[in-house]
Amino acid sequence: MERLFESELRVMEPLWEEGELSAGTLAKKLAASCGWNRNTTYTVIKKLVDKGAIERRDPGFICRALISRDEVRREETRGLISRFFGGSKALFLSSFLSDELTEEEARELRELIEKLR
């Protein structure tokens, strides 16, 4: 999967939240939320179609996400760990956890680690 840029993620969010939307509806939502004009939205939609992240079909230029939010999160996390921590999850977690954790956060992490075993 190709990396998605911030502008592309802005288009993906409403699709993840609401499912299929027309390109026109996406343009209206993005005009309201971030001041984009229709052409900007359509340009980003085309980029996402070219990347295989969404499909757009006629009639009505209906857009639908082909990748999930979780897939993007996992891929972004892998890229971050690769770029900044040499691919080491342990080094990433060590750096991430160097800030003080609340008791609740520590409990949640212990439960997650147990669940993943």
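Every read-out reported here was derived from the displayed coordinates using simple, explicitly stated rules and does not represent laboratory data. Please read these numbers as outputs of a predicted model, since none were measured by experiment. Every residue, glycine as well, gets a Cβ built from its backbone with ideal geometry; the counts of neighbours run over all protein chains shown.
Under 24 Å of direct C-alpha separation, and excluding same-chain neighbours fewer than eight residues apart, K89 reaches these lysines: K115. Using Cα positions and a limit of under 27 Å, work out the lysines in reach of K28, with same-chain residues fewer than 8 apart set aside. Qualifying lysines at Cα under 27 Å: K46, K47, K51. If the segment from E108 to S94 were pulled out straight at 0.36 nm per residue, it would be longer than the present Cα-Cα gap by 3.4 nm. The GluC sites (Glu not before Pro) of the range 30-117 that meet both conditions, a loop assignment by DSSP and at most 16 other Cβ atoms within 10 Å of the site Cβ, are E100. For the chain, the equivalent ellipsoid built from the Cα gyration tensor has semi-axes of 35, 15, 14 Å, listed from largest to smallest. Between F84 and F61, the FRET efficiency from the beta-carbon distance, with R0 = 41 Å, is close to 0.60. State the answer as a single residue: which of L116, T40, L80 lies farthest towards the positive end of the charge dipole of the chain, with beta carbon charges of +1 for Lys and Arg and -1 for Asp and Glu, about the Cα centre. Result: T40, furthest along the dipole toward the positive end.
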